[in-house]
Amino acid sequence: MLVTIYRSSVKDGLYVYLASTQELASLPAPVMKQLGAPEIAMEIELDKNRKLSIADASEVLEAIENQGFYVQMPNDIEAVLARVADTRTVPEK
């Protein structure tokens, strides 16, 4: 499958994989919001055996087939989420 990978202008490290035959307008509004003004990072021929730096090709293909796209979050998303969780305060009763 020929896949276009878009880089987010809003979130560092966020990429959206989309079948090259699909339009960006087909993405849900929340995904488009996270992309901002998307830039094409690359276009690749993707099959389940292809090695990707972060994502698993089989998972990417499955997501594209089932929901029409795949979102790759930043590598350090767990660290970011942990920092956010640490900064939240529990209201006193």
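Taking region 1-22 as the range and being within 14 Å of Ala55 (Cβ to Cβ) and open to solvent by less than 50 Å² (accessible area, probe 1.4 Å) as the test, the residues that pass are Val3, Ile5, Tyr6, Gly13, Leu14, Val16, Tyr17, Leu18.
Of the residues Glu65, Glu59, which single one is outside any loop (DSSP other than H, G, I, E, B) and more than 14 Å from the chain's Cα centre (by Cα)? Explain how you work it out, then say what you get.
Numbers: Glu59 fails: more than 14 Å from the chain's Cα centre (by Cα).
Glu65 is the lone residue from the list that is outside any loop (DSSP other than H, G, I, E, B) and more than 14 Å from the chain's Cα centre (by Cα).
The set of residues in region 23-68 that are among the polar types (S, T, N, Q), under 17 Å from Ser8 (Cβ atoms) and open to solvent by 80 Å² or more (accessible area, probe 1.4 Å) contains only Ser53.
Scanning region 27-36 for residues that are of a type outside the set (Lys, Arg) and either at pLDDT 95 or above or within 13 Å of the chain's Cα centre (by Cα) (or both) gives Leu27, Pro28, Pro30, Val31, Met32, Gln34, Leu35, Gly36.
The single residue among Ala25, Ala41, Ala19 that is of a type in the set (A, V, I, L, M, F, W, C) and farther than 17 Å from Val60 by Cβ turns out to be Ala25.
Answer yes if at least one residue in region 77-89 is modelled with pLDDT under 90, in a loop (DSSP other than H, G, I, E, B) and over 16 Å from Ser8 (Cβ atoms), and no otherwise. Full working, then the answer.
Initially, region 77-89 is screened for residues modelled with pLDDT under 90, giving 77-89.
Next cut, in a loop (DSSP other than H, G, I, E, B) only: 88-89.
Imposing the further condition that a residue be over 16 Å from Ser8 (Cβ atoms) reduces the set to 88-89.
Checked region 77-89: at least one residue is modelled with pLDDT under 90, in a loop (DSSP other than H, G, I, E, B) and over 16 Å from Ser8 (Cβ atoms).
The values are calculated or read from the model by the stated rules, or taken from the named source; none is laboratory data. Computed from a prediction, not measured in an experiment: that's the story for all the values here. Don't worry about glycine lacking a Cβ; one is built from the backbone with ideal geometry, like all the others, and counts go over all protein chains shown. Protein only, heavy atoms only, side chains kept; ligands, DNA and RNA dropped before computing areas. Shrake-Rupley method; radii C 1.70, N 1.55, O 1.52, S 1.80 Å.
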